[in-house]
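Here is the structure we will look at, set down as structure tokens.
The values are calculated or read from the model by the stated rules, or taken from the named source; none is laboratory data. Bear in mind that the values here come from a model prediction, so they are computed numbers and not experimental data. Every residue, glycine among them, receives a Cβ derived from its backbone with ideal geometry; neighbour counts consider all protein chains shown.
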Amino acid sequence: MSFSRRPDGELHVEDIACSELASRYGTPLYVYSRDAIENAWRAFDSALSGRPHLVCYALKANSNLAVLNLLGRLGSGFDIVSVGELARVKAAGCDLSKVVFSGVGKSPDEMATALSEGIKCFNVESVAELDALAEVASAHGAVAPVSVRINPDVDAGTHPYISTGLKENKFGIDTVSAVGAYRKIADNAHLEVTGMDCHIGSQLTDIAPYRDALKRLLKLCDSLHEQGIKIKHLDLGGGQGIRYKDEQPIDLNSWAQAMDEVLGDRDVEIIVEPGRSIVGNAGLLLTTVRYLKHSDDKNFAIVDAAMNDLIRPALYSAWQDIVPVKEASASKKLNYDIVGPVCESADFLGKDRQLAIEQDELLAVMSSGAYCFVMSSNYNSRPRAAEVIVDGGDSHIVRKRETIEELFAGESLLP
Ligand code: LLP
């Protein structure tokens, strides 16, 4: 078990007690389990083993170099959305020929860099972007490999901020306009049709929208095929949900089987771009209770982590479990809002949690491996937390805690 409560009542990450990690590295502290990350990646790889496939980890979920390096060693590809992410994949020593480049607003400079690094393909999201890519490729005397991101107009039934496959979303090209886009690629000597992609949303718990989206993509593929345009890979995006509370995550083998049934005997490589489901439940955020504050209406636990460290609750009303690291020492459970030191009422990590806690004790915010550290900021001039990976009985600091000096190192005074 990557995360478990041992007989002494203390929460462990692999073989290390959370209190040991906190005293060694301080809090707030992000802790990831190597085992959990690797197992989650392998689950995708093995579910897809019946076909040529590539698991391209979406590093927007957690882009720590050590995480990328571990996945790269397993053979992972990567889904990037900026040259910053491309530079991370490179710095982590991973294979750039397994990189797919998503995102609606790639700049010509970003395109040029990615082209010269020899990425696997550009997931293009508009005709205007296609024109820009053609210009960049022609200026470099190169041929850009292209996949068109299709907006299949399916409802993934997820939070409106993280739903991406409906026609009112800004993502992708509708199935009708896509035909013209593919013709344009086929007719341009500096562009090459390689694939077709979609990504319909995040934290999905149902297979049906994936099936619907794939059917729509295949219909388009088949009609392009009749026009002599061959799609070599189909990229189904990411989005597989995880259990934060009581969600029933998608069983990957059933999901792969469902995709397989729709694909039939088509000869095509399958790409997936999972982010959250690889790292989400492979990490937690350790935080120390600074003060308890009780009033007639409310109990507050003021902790040393804040919305700048973990913004999901404030931004999406996301729910992440918050548990004491040691089995309850205080006797009585009270209803707490777990809040940080930032001067905003939105600065909470959890609301209405029944907890028996005391000042100075450690809490763990669970499911904090994805979209947590990467979305952190320096708001209120708070240095960003450190990140640690536990590997069995060893722990490695993979990002040191930011210092106060680093906060304003790039700033200067007027003469
Ligand atoms: N591919 C594309 C093109 C994407 O836009 C995304 C996520 C992924 C793959 C990976 O999706 P995943 O497997 O992680 O669901 N910050 C939000 C989630 C935003 C997801 C954005 N796109 C959150 O904290 O819930």
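Of the residues 107, 23, 46, only one is hydroxyl-bearing (Ser, Thr, Tyr), within 30 Å of residue 263 (Cβ to Cβ) and surrounded by fewer than 18 Cβ atoms within 10 Å (Cβ to Cβ); which?
Being hydroxyl-bearing (Ser, Thr, Tyr), within 30 Å of residue 263 (Cβ to Cβ) and surrounded by fewer than 18 Cβ atoms within 10 Å (Cβ to Cβ) holds for just one of 107, 23, 46, which is 46.
Yes or no, residue by residue, for (1) closer than 18 Å to residue 27 by Cβ; (2) outside any strand (DSSP E or B); (3) assigned by TED's automatic domain parsing to the domain that holds residue 11:
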{"residue": "331", "(1), (2), (3)": "no, yes, yes"}
{"residue": "354", "(1), (2), (3)": "no, no, yes"}
{"residue": "384", "(1), (2), (3)": "yes, yes, yes"}
{"residue": "387", "(1), (2), (3)": "yes, no, yes"}
{"residue": "415", "(1), (2), (3)": "no, yes, no"}
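Only one of these is away from the ligand (no atom under 16 Å from the Cβ), modelled with pLDDT under 95, assigned by TED's automatic domain parsing to the domain that holds residue 105 and not aliphatic (A, V, I, L, M): 194, 175. Name it.
175
Within region 165-210, track down each residue that is at negative phi and in contact (Cβ under 8 Å) with a residue 60 or more places away in the chain.
170, 171, 191, 194, 195, 197, 199, 202
Just to confirm my filter: which strands (runs of 3 or more DSSP E) fall fully inside region 205-322 and include at least 1 residues that are more than 16 Å from the ligand (Cβ to nearest atom) and surrounded by fewer than 20 Cβ atoms within 10 Å (Cβ to Cβ)?
So the answer is 269-272, 283-294, 299-303.
Can you pull out every residue in region 356-382 that is touching a helix residue (DSSP H, G or I) at 6+ places or on another chain (Cβ under 9 Å) and in a helix (DSSP H, G or I)?
Selection gives 375, 381.
Is it the case that residue 397 is touching a His at 6+ places or on another chain (Cβ under 8 Å), away from the ligand (no atom under 16 Å from the Cβ) and within 27 Å of residue 60 (Cβ to Cβ)? Break it down stepwise before answering.
Details: touching a His at 6+ places or on another chain (Cβ under 8 Å): no; away from the ligand (no atom under 16 Å from the Cβ): yes; within 27 Å of residue 60 (Cβ to Cβ): yes.
So residue 397 fails the test.
Being part of a strand (DSSP E or B) and under 15 Å from residue 123 (Cα atoms) is the filter here, so list the residues in region 176-204 that pass it.
191, 192, 193, 194, 195, 196, 197
Specify the residue that is farthest from residue 85 (Cα to Cα); the eligible residues are those in region 333-352 that are part of a strand (DSSP E or B) and more than 16 Å from the ligand (Cβ to nearest atom).
Restricting to residues being part of a strand (DSSP E or B) and more than 16 Å from the ligand (Cβ to nearest atom), the top hit is 334.
Does residue 147 satisfy the criteria of being part of a strand (DSSP E or B), buried (at least 19 other Cβ atoms within 10 Å of the Cβ), in the same structural domain as residue 220 (by TED's automatic domain parsing) and not acidic (Asp, Glu)?
Working: part of a strand (DSSP E or B): yes; buried (at least 19 other Cβ atoms within 10 Å of the Cβ): yes; in the same structural domain as residue 220 (by TED's automatic domain parsing): yes; not acidic (Asp, Glu): yes.
For residue 147, the condition - part of a strand (DSSP E or B), buried (at least 19 other Cβ atoms within 10 Å of the Cβ), in the same structural domain as residue 220 (by TED's automatic domain parsing) and not acidic (Asp, Glu) - is met.
Can you run down the residue pairs with Cβ atoms below 7 Å, 6 or more apart or on separate chains, where the first is in region 211-225 and within 14 Å of residue 268 (Cβ to Cβ) and the partner is hydroxyl-bearing (Ser, Thr, Tyr)?
220/175; 224/182
Pairs needed: first member in region 315-335, within 21 Å of residue 298 (Cα to Cα); second member anywhere, within 16 Å of the ligand (Cβ to nearest atom) and in a helix (DSSP H, G or I); C-beta distance under 6 Å; at least 6 residues apart or different chains.
Every condition considered, the pairs that remain are 318/312.
Output the number of the condition that residue 386 fails; it satisfies all remaining conditions of (1) over 17 Å from the mean Cα position of the chain (by Cα); (2) under 17 Å from residue 290 (Cβ atoms).
Of (1) over 17 Å from the mean Cα position of the chain (by Cα); (2) under 17 Å from residue 290 (Cβ atoms), only one is false for residue 386: (2).
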